[in-house]
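Note sheet for the following structure.
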Amino acid sequence: MSTPDRKLAAAKREAAAPLLEVHGLKKHFPVRKGLLSRVVGHVKAVDGVDFTVGHGETLSLVGESGCGKTTAGRSLLRLIEPTAGEALYRATPDSAPVDLFGLGGRRLRSLRRDLQIIFQDPYASLNPRVTVGNAIAEPLRVHGIGNRGELEDRVASLLTRVGLRPDVANRFPHEFSGGQRQRVGIARALALEPRLIVCDEAVSALDVSIQAQIINLLKDLQDEFGLSYIFIAHDLSVVKYISDRVAVMYLGRIVETGGADQIFDAPQHPYTRALLSAIPHADPRRRAERVPLTGEIPSPISPPSGCHFHTRCPLAEDRCRQAWPEPASVAPGHRVSCHPVADALAKSAPGS
Amino acid sequence: MEKSPKSDARTPLLELRDLRTWFRTDEGTAKAVDGVSYRIHDGETLGVVGESGSGKSVTALSVMRLVPSPPGWVESGEILFRGESLLAVPDEEFRRIRGNEIAMIFQEPMTALNPVYTVGDQIMEAVMLHRGIDADAARVHAVEMLRKVGIPSPEARVDNYPHEMSGGMRQRVMIAMAMSCDPSLLIADEPTTALDVTIQAQILDLIRELQEEMGMSVLLITHDLGVVAETAHKVAVMYAGKVVEYADVETLFGRPRHPYTIGLFRSLPDLAGPGERLVTIPGIVPSANAFPSGCRFRTRCPIATDRCAQEEPPLVPLEAGSEHTVACHHLEEAEAL
Ligand SMILES: Nc1ncnc2c1ncn2[C@@H]1O[C@H](COP(=O)(O)OP(=O)(O)OP(=O)(O)O)[C@@H](O)[C@H]1O
Ligand SMILES: Nc1ncnc2c1ncn2[C@@H]1O[C@H](COP(=O)(O)OP(=O)(O)OP(=O)(O)O)[C@@H](O)[C@H]1O
Ligand code: SF4
Ligand SMILES: [Mg+2]
Ligand SMILES: [Mg+2]
């Protein structure tokens, strides 16, 4: 799609009801100690996040390792049970919303077809005793799709789409390289023609040319079928390229959201700025000017008071230690949670 | 931090000579590594990049003597460590080298960590074995290493099981384990893929620090060209079981010469405008069971000729005496790509 087309598509999306509306999502893991496994605290892996994903839109979740991206993705798909929140899902812009977190049994299973995930650690998610062909066919079988011949054809075409030769179908996961295994995971997620895919580090194990091939494929499927993605990745040049919108997380919370160009061209939150400055460049002559992040990374078991980032923030003031900053609007669609930044924005806003 | 390449005519710390590691599969022999040569000097970092499935990990596993056998075996070639053949070393002695002298960070942390032990137990086991210290001292050391790799509240995390950690934390546990033994050679297979850029920068700095303090050498396998640019002194590019180009990092990034390397750089998403399709290398990677004749890249190479199908291009210096080596028959035509 050309830039004006994308802008138009984005405007249309904003007007329509989104595919997914997440409010107040929390996931706390109990921390147990001792012989009796007494609960001595909680890891607040995800601690109240809100976001939306439009039909045909790509939202990226970025942020420090351990900030809760995978947990957020897995909670949405109910692979782990969320602690609180709601996730309103609309298969099409006109359908009535259902709360994914309120569904049980059969309804949940049938919706699982629409919602797929590509796992961060492909080795851990593939059964070593099942051939990759069967691993890809399994979700199709579970949903009773296709006879044997049709399944084989479908598996072959999926393998081809992710750049693997169809004859690898009867091999076992350990016979593949890391990147090849990652692509098996992608083929499996695509098998059921879902509406939303959580791509958890889906392309990070791939060399750049195959990565480019997969990203083109994800984009093609989006253009063809209006697929939506929640894209979790550490490689920020990939995020910049693939995302419509970006949410930056820090220790279980979202600190900034906006359009991809807003986040990359005009980052507001001090954490976002530090993050962007750490991107390594494929040019040995270019030494990045880093905004160093000092201080120890705090623990989600006992997150800092107020703004979670205050222990490492160059702008921190007293009130940052006391109160969580409510999101302030930077521009339409661009919001930031930071006390001093919000003040600066209010001062520079016309009419104040 | 300063990079200080120290390559000279001394004996390399590690040298591979025409290494071949093959696997028996249902469809015949997979020649995963099929004639790989490279060297790493003391205090040097060699970055290895290349196509997924080109044999980067299997090469490293061959050095570590960790290729699953069967179905895999080292068919031929040499692995020299400080000038001595590693392939000839008996298993027992090799176990001492592995860990004390050579340590490895694996591509997929879950495969290297034992799910039924806490991460602390696993680091402690490694240091007790290699440093001969008692459990209390080892625990203190384990906590310290977890702190060094940037894990928050290491005193609490040391008792976590691997599944209780995020992907990036598991990766750092493995880095901590490998570093605990002060190896002379660190083999790092995609060490920072699961890490966000700020922690990635921290880990790369840590690796560089150890390198400066102790003259450690690093074999860094990664597809992240940014990481290679910032960390490596030398770069080897692999395709289909072979090294197709080798040079120092400035030369390789400044002026890549092999058509595959040129295509690889062109696929970087940084170069694409918004909404533009990414450039890819057309075609599908050949199977390790049936590599094309002649040049293995020819089925996807835009400038391939009949000669490429008949003769295998050797990895030779660009000009006499040059350290930059390339395996391609048509370097002049490749300039125009
Ligand atoms: N099953 C679990 N039990 C206890 N704690 C957990 C569990 N799963 C995750 N956590 C904790 O939740 C926090 C968030 O983890 P999560 O995997 O969501 O991070 P992430 O943002 O995906 O990080 P990465 O980029 O490293 O993959 C971490 O502190 C992690 O240790
Ligand atoms: N146990 C095995 N049995 C059969 N083939 C194998 C086995 N292990 C690896 N291979 C094959 O060897 C080739 C090289 O694999 P290797 O893991 O070294 O690739 P790589 O360059 O590290 O790729 P990636 O960047 O995807 O990690 C691949 O084609 C793979 O399928
Ligand atoms: S030898 Fe031929 S096929 Fe191989 S890279 Fe050079 S031009 Fe292309
Ligand atoms: Mg994760
Ligand atoms: Mg590998």
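Spatially, the stretch B:58-73 and the stretch B:204-254 are offset by 22 Å when compared through their Cα centroids. For B:Gly47, the residues whose modelled amide H falls within less than 5 Å of its own, excluding neighbours fewer than 5 places apart on the same chain, are B:Leu220, B:His233, B:Lys234, B:Val235, B:Ala236.
Say we join alpha carbon atoms closer than 10 Å with springs in a Gaussian network model of chain A; which of A:Lys33, A:Lys12, A:Lys219 then has the biggest fluctuation? Among A:Lys33, A:Lys12, A:Lys219, the largest GNM mean-square fluctuation belongs to A:Lys33.
FRET efficiency for the A:Asp318 to A:Val39 pair, using the beta carbon distance and R₀ = 25 Å, is estimated at 0.15. Computed from backbone phi with θ = phi - 60° and the Karplus coefficients 6.51, -1.76 and 1.60, the 3J(HN,Hα) list for the stretch A:185-199 is x, 5, 4, 5, 5, 7, 3, 8, 6, x, 9, 9, 10, 8, 9 Hz; x is used for glycine and proline.
Buried accessible surface for the B/A pair, both sides summed and rounded to the nearest 100, is 5000 Å² with a 1.4 Å probe. Taking a straight line from the alpha carbon of B:Lys31, these lysines sit under 30 Å away, with near neighbours fewer than eight places off in the same chain left out: B:Lys56, B:Lys234, B:Lys242.
Our coupling estimate for the stretch B:275-286, obtained by passing each phi through the Karplus curve with A = 6.51, B = -1.76, C = 1.60 and θ = phi - 60°, is x, 7, 6, 6, 6, 10, 8, x, x, 10, 4, x Hz, Gly and Pro reported as x. Taking the charge dipole of the stretch B:102-182 about its Cα centre, with +1 at Lys and Arg Cβ atoms and -1 at Asp and Glu Cβ atoms, the residue from B:Ala138, B:Leu113, B:Met179 reaching farthest to the positive side is B:Met179.
Sorting A:125-132, A:190-197, A:89-96 by average packing, meaning the other beta carbons within 10 Å per residue, from highest down gives A:190-197, A:125-132, A:89-96.
Once both labels are positioned 7 Å from their Cα atoms along Cα-to-Cβ, the gap between B:Ser85 and A:Arg109 label points is 6.0 nm.
For the protein assembly as shown, the solvent-accessible area with a 1.4 angstrom probe is 41 square angstrom per residue. Measuring nothing but protein heavy atoms, the accessible surface of chain A at 1.4 Å probe radius is 52 percent carbon and sulfur. Amide hydrogen proximity for A:Gly54: with H placed 1.01 Å from N in the peptide plane, the residues at 5 or more positions away or on another chain lying under 5 Å are A:Leu19.
Computed from backbone phi, the HN-Hα couplings of the stretch A:312-318 come to 10, 8, x, 9, 4, 10, 3 Hz, rounded to whole numbers (Karplus: 6.51 cos²θ - 1.76 cosθ + 1.60, θ = phi - 60°; Gly and Pro given as x).
As a length-normalised measure over Cα pairs under 8 Å and 6 or more apart, the relative contact order of the stretch B:256-335 settles at 28 percent. Computed extension gain for A:Asp99 through A:Phe225, at 0.36 nm per residue and net of the alpha carbon distance, reaches 43.0 nm. Look at where the Cα atoms of the stretch A:10-41 and of the stretch A:128-200 average out, and the two centres are 29 Å apart.
Close amide H contacts of A:Val330 (hydrogens built in the peptide plane, cut-off under 5 Å, sequence separation of 5 or more or a different chain): A:Arg335, A:Val336.
In the elastic network of chain A, a GNM with C-alpha springs shorter than 10 Å, the most mobile of A:Val239, A:Val31, A:Val22 is A:Val31.
The values are calculated or read from the model by the stated rules, or taken from the named source; none is laboratory data. Note that this is a predicted model, so its numbers are computed, not measured. Backbone-built Cβ (ideal geometry, glycine too); neighbour counts: all protein chains shown. Surface areas here come from the heavy atoms of the whole protein model, side chains and all, with no ligands, DNA or RNA. Shrake-Rupley method; radii C 1.70, N 1.55, O 1.52, S 1.80 Å.
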